[in-house]
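The values are calculated or read from the model by the stated rules, or taken from the named source; none is laboratory data. Computed from a predicted structure; not experimentally measured. Cβ sites come from the backbone with ideal geometry, for glycine too, and all protein chains shown count toward neighbours.
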Amino acid sequence: MSKKGYSVTYVLLCVIALFVMLSSSLVTPLIANYARQLGASSFVIGLVVSGYWISRIFLEIPSGFISQKFGLYRVMIAGLVLTGLGNLVMATWMDPYTLVLGRALMGLGAPLFFAVATTFVLNMFEPERRGSAMGIFQGIEFAGSVVGSTFSGYIVSAFNFQTGFLFSTVLVLAALALMILPPNIRSESNIQTTATPLSFSMIRQVLSTRNLLIVSSATFAEFIMSNGIIFTVFPLYAENTLGISLTNIGLIMGSRSFGFVISMFTMGYFADRFGRKPVLLFGLGATAALMVAVNFATTFELLVSILFILGITTGAIWIVSPVLAAESVDTSHRGAAIGTYRTFFDLGSILGPIIMTSVLDSYGIAMCFYLSAAILLVNLVPSMTLEEKK
């Protein structure tokens, strides 16, 4: 990789990731509503929503070893095919259980593409540029998610859910075309791929890496907060307790997204210049403080300001965590390290809403904010002992 600019391969991967995230979020924010329209029970709706995350867990860690065995390029292709197939299934058959199947297929495809693509990007860059490159890649991913979620309601209202899934399928096909037709990604993949057989001893070695476990735990704490607080109990609290309208709640959440995008394109640079550990410590400590502050914020303007800053601080954790995870192991084990890191944020995404809704029912909203802050602060201590390896 040249020290000036970015290669065509990197740009292609960014565009492909944008298309995939756009396709995944085009209807997903309203998937529970669609399941209800099809007559699904509350339990089945839960399966539709969580099926994606549950199926992801099974392939996050193995995806690294699978890519070593069969090649980065082939595995990313398989991930895109499964994602497209999941969307096509949901567009074709109007049945709640078909939605569960489609979401599960997409969940299996996600790590085969994103975990492997993340490893691919990290391997393309030298340490002094790795943080910035990862920040841009993840920032573009997140932009796809924001745009897709923004237009989801319009797509469903103007057309219908089936058409939305067909649009998503077309976007995945476009991503496949960009992956297959230009030779760049295939050629770079051949350079990176090592024919290392699957080995459980390698998995044990990776899972016993201290730095990786510390970073994964910090990631778990952040996703407990994001999915448990920001995306689950906070909107309920804002509407039912503070009396904020749904429109203004959307604007508050949007302010976090705006801060997050800014963080994606800046924190990588800071991580390259000042080190990964200071950025992670800033993210954990500042996010914990902001969680406490949210408990005392009661006005729309103050919540917009706090969540904007929260987007920046959580973005700091997002940027450096995969970089630290990859740099904590040998190059040949990076795929498994990224898979481990992603497994922890999958677990946080699943358990966060369960934990925080239970705490909300039993102890009230304040305890949710304090518990989240405490979990983040607990992870601050071991993160101080991280040893950066480049």
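Scanning region 216-237 for residues that are crowded, with 21+ Cβ neighbours inside 10 Å, hydrophobic (A, V, I, L, M, F, W, C) and at pLDDT below 95 returns PHE223, ILE224, MET225, ILE229, ILE230, VAL233, PHE234. Annotation: SER257 fulfils all but one of (1) modelled with pLDDT under 85; (2) not in a helix (DSSP H, G or I); the unmet one is (2). When region 254-266 is limited to residues that are touching a Phe, Trp or Tyr at 6+ places or on another chain (Cβ under 8 Å) and not small (Gly, Ala, Ser), the one that is nearest to ILE229 (Cα to Cα) turns out to be ARG256. Exactly one residue out of GLY364, GLY311, GLY348 is at positive phi and either surrounded by fewer than 24 Cβ atoms within 10 Å (Cβ to Cβ) or under 19 Å from the mean Cα position of the chain (by Cα) (or both), and it is GLY364. For region 28-50, the count of residues that are free of Cβ contacts under 8 Å to residues at least 40 places away in the same chain and under 20 Å from MET76 (Cβ atoms) is zero.
Of ALA17, ALA78, which residue is surrounded by fewer than 21 Cβ atoms within 10 Å (Cβ to Cβ), among the small types (Gly, Ala, Ser) and closer than 30 Å to MET124 by Cβ?
Every option except ALA78 fails the conditions.
The residues listed here are VAL320, VAL381, VAL359; of these, the one that is part of a helix (DSSP H, G or I) and either surrounded by fewer than 18 Cβ atoms within 10 Å (Cβ to Cβ) or touching a His at 6+ places or on another chain (Cβ under 7 Å) (or both) is VAL381.
Just so you know, in region 191-215 the residues that are modelled with pLDDT of 90 or more and not polar (S, T, N, Q) include one that is nearest to VAL381 (Cα to Cα), and it is ILE214. Of the residues making up region 27-73, just one is surrounded by fewer than 17 Cβ atoms within 10 Å (Cβ to Cβ), hydroxyl-bearing (Ser, Thr, Tyr) and assigned to a helix (DSSP H, G or I), namely SER42.
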